[in-house]
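The values are calculated or read from the model by the stated rules, or taken from the named source; none is laboratory data. Because the structure is predicted, anything quoted here is derived from the model rather than measured. A quick note on method: Cβ atoms are made from the backbone with ideal geometry, for glycine too, and the neighbour counts reach across all protein chains shown. Please note that ligands, DNA and RNA were not included when accessible areas were found on the heavy atoms of the full protein model with its side chains. Shrake-Rupley method; radii C 1.70, N 1.55, O 1.52, S 1.80 Å.
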Amino acid sequence: VAGVSLEHPTVRASFAYFSKVPLEHVYTISCYAFALDAAIAQLEGDLALTLSADARARLRKRGTVGKVIRRRLAEVVNAVASGQNETGGWRYKVNSTDVDNSNTQFAVLALGIGARRGVAIPQAVWLEILEYFVENQEADGDPTANRIELRRPRNDQPSKVSTGKRKARTGVKTEPAD
């Protein structure tokens, strides 16, 4: 990871340590997700040096590079998602009831990594994040070039996702502000 082999004793020891850490501290497990993603990327990069372009594409499409690491990444990302609280954000521990934007940022980055790696993130999680930030932005801040308009998904079917916490919304589209 970061130019050091996954087989390096320090890297191996770090991953062994984190494999035993309880998945309860948002910063820790988010950073763990970043490291797992980097490990998968390194394995993919190593394969890029030895396989044909077609073989690399097939492996990436199937998500078979780093199967064990991907399983752990899914566990970590699911722990992050389940730690979202009723505010729509996260705090230091996954079961907290208040929110901290820095922890929320790390959680959202970890969720993004998971989504990019094929981990299914419930739509309600994304909608709660959106709602949290829209509701908590400053009313008198500088104008922005884009506005968010909520709309139905492309298939024009109503969303069946609802957390029961707030009214669920069904899609996001940005348009230039007037």
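Looking at the structure I just gave you, is LEU73 in contact with a helix residue (DSSP H, G or I) (Cβ under 9 Å, 6 or more places away or on another chain) and not basic (Lys, Arg)? Steps first, answer last, please.
Working: in contact with a helix residue (DSSP H, G or I) (Cβ under 9 Å, 6 or more places away or on another chain): yes; not basic (Lys, Arg): yes.
For LEU73, the condition - in contact with a helix residue (DSSP H, G or I) (Cβ under 9 Å, 6 or more places away or on another chain) and not basic (Lys, Arg) - is met.
Taking (1) in contact (Cβ under 8 Å) with a residue 40 or more places away in the chain; (2) part of a loop (DSSP other than H, G, I, E, B); (3) open to solvent by 20 Å² or more (accessible area, probe 1.4 Å) in turn, ALA120 satisfies each apart from (1).
This table checks each residue for (1) at pLDDT 90 or above; (2) of a type outside the set (D, E, K, R); (3) within 16 Å of TYR27 (Cα to Cα); (4) part of a loop (DSSP other than H, G, I, E, B).
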| position | (1), (2), (3), (4) |
| --- | --- |
| ARG56 | no, no, no, no |
| ARG71 | yes, no, no, no |
| GLU75 | yes, no, yes, no |
| ALA79 | yes, yes, yes, no |
| THR87 | yes, yes, no, yes |
| ARG91 | yes, no, yes, yes |
| ASP98 | yes, no, yes, yes |
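Do we find that THR144 is touching a Pro at 6+ places or on another chain (Cβ under 7 Å) and either in a loop (DSSP other than H, G, I, E, B) or modelled with pLDDT of 95 or more (or both) in this structure? Steps first, answer last, please.
On the way: touching a Pro at 6+ places or on another chain (Cβ under 7 Å): no; either in a loop (DSSP other than H, G, I, E, B) or modelled with pLDDT of 95 or more (or both): yes.
When the stated conditions are applied, THR144 does not pass them.
Just to be sure before I move on: is VAL21 modelled with pLDDT under 90, surrounded by fewer than 15 Cβ atoms within 10 Å (Cβ to Cβ) and assigned to a loop (DSSP other than H, G, I, E, B) in the structure I sent? When the stated conditions are applied, VAL21 does not pass them. If we scan the range 3-10, do we find a residue that is more than 20 Å from GLU75 (Cα to Cα), β-branched (Val, Ile, Thr) and open to solvent by less than 60 Å² (accessible area, probe 1.4 Å)? Yes, because at least one residue in the range 3-10 is more than 20 Å from GLU75 (Cα to Cα), β-branched (Val, Ile, Thr) and open to solvent by less than 60 Å² (accessible area, probe 1.4 Å). If you go through the range 69-95 and pick out every residue that is open to solvent by less than 30 Å² (accessible area, probe 1.4 Å), closer than 15 Å to LEU23 by Cβ and of a type outside the set (A, V, I, L, M), you end up with 3. When PHE106 is tested against (1) in contact with a Ser or Thr (Cβ under 7 Å, 6 or more places away or on another chain); (2) over 17 Å from PHE18 (Cβ atoms), just one condition goes unmet, and that condition is (2). Of everything in the range 100-117, what is part of a helix (DSSP H, G or I), open to solvent by 10 Å² or more (accessible area, probe 1.4 Å) and farther than 18 Å from PHE133 by Cβ? Give them in sequence order. Within the range 100-117, ILE113, ARG116 meet the criteria.
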